[in-house]
Amino acid sequence: MNDLLLSSGFLAFARHVGFLQAVEAERVPVDAVVGTSSGALVGALWAAGVPGAELERLVAGRRPLDLMGLHAAPWRGLFVLEPLVAWLREHLPPTFEELPRPFAAGVAATDGTPTLLMSGPLPEAVAASCAIPWLFVPVAHGAQRWRDGGVVDRLMVGPWRAWRGERPGLAHVVERTGGRDVDVDLAGVRVVRTPRSSATFWSLGDVPAAAAEARARASAALVHAPG
């Protein structure tokens, strides 16, 4: 069984959707999922049982601007993510514990420590993983506020190993649009790379085409993926 690791990538939802569609098509056995930023949003929905075809429809159905609101104190962050949390509550169970498979969301603590959230309120944790510093207000989860984990570790290999031990990993890395790629030993982790997203806050662009491109690249790479 593989654990999936889905990287951060600016609004790279369609790329992750295409990758997961390839995972489904190639019948790659998956146990746990770790996602950061856009990878957390798509990964949480998939871990909740939303199939790839439905993921594509959900992603294509909303503009990013629809899922954020202006903040009254812009020096703390231009936008708040309460609309995103409300949308996620429509499609996710309330807590991690109610998911049918293990899932963790990559976040950054206030001191910059990369961390995985893996228990408690799920929609809030996913939104926290998407809260790009200065652009979004940090999101409360438990007693702390958290930010987008991609700014400190786009893939969260170290925290994943600390959580799951020496398991085989299958990582989807969307080419970098920001954040930090940590130099880490990837022994035992098969990496599939797809191009950066061309999405903007005003439009995610041609989601089916972007997903199809990622799906084709991933399928070619996954044919011989270890089980």
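Values quoted throughout were computed directly from the atomic coordinates according to the rules given, and no laboratory measurement underlies them. Treat the numbers as computed from the prediction; the structure is a model and nothing was measured. No Cβ is skipped: glycine too gets one built from the backbone with ideal geometry, and neighbour counts run over all protein chains shown.
Per-residue 3J(HN,Hα) values for region 49-64, derived from phi via the Karplus relation 6.51 cos²θ - 1.76 cosθ + 1.60 with θ = phi - 60°, read x, 6, x, x, 5, 6, 4, 4, 5, 4, 5, 6, x, 9, 7, x Hz in sequence order (x marks Gly and Pro). Under the shape rule built on the C-alpha gyration tensor, where the axes satisfy a ≥ b ≥ c, region 104-227 is oblate, since a/c reaches at least 1.5 while a/b does not exceed b/c. Restricting attention to the chain, close to 40% of DSSP beta bridges with both partner residues there are antiparallel. Largest GNM mean-square fluctuation among L204, L116, L135, using the chain with Cα springs under 10 Å: L135. At R0 = 30 Å, how high is the FRET efficiency between A140 and H91 if r is their beta carbon distance? Nearest 0.05 is fine. Efficiency, from the Cβ-Cβ distance: 0.90.
Quotient of the Cα radius of gyration of region 1-60 and 2.2 N^0.38 Å, N being its number of residues: 0.98. This model, with +1 at the C-beta of Lys and Arg and -1 at the C-beta of Asp and Glu, gives the chain a dipole about its Cα centre of some 280 debye. Derived scalar couplings between HN and Hα for region 128-139 equal 4, 5, 9, 7, 4, x, 6, 7, 10, 5, x, 9 Hz in order, rounded to whole Hz, by the Karplus curve 6.51 cos²θ - 1.76 cosθ + 1.60 (θ = phi - 60°), x for Gly and Pro. In a DSSP loop and with at most 12 other Cβ atoms within 10 Å, the GluC sites (Glu not before Pro) in region 158-227 are E166. Helical content of the chain, expressed as a calculated mean residue ellipticity at 222 nm, amounts to -9500 deg cm²/dmol (DSSP H runs of 4 or more residues, -39,500 (n - 2.57) each, divided by residue number, nearest 500). Relative intensity of region 127-199 on a log10 scale, I(q)/I(0) at q = 0.17, 0.22, 0.24 Å⁻¹, equals -0.77, -1.09, -1.17, per a Debye sum over C-alpha point scatterers of equal strength in the absence of solvent.
Taking 0.36 nm per residue of separation and subtracting the Cα-Cα distance, full extension of the segment from R27 to D183 would add 53.2 nm.
Of the chain, which part is the longest with no chymotrypsin sites (Phe, Trp or Tyr not before Pro) in a loop (DSSP not H, G, I, E, B) and with at most 14 other C-beta atoms within 10 angstrom? Answer from the scan: 1-133.
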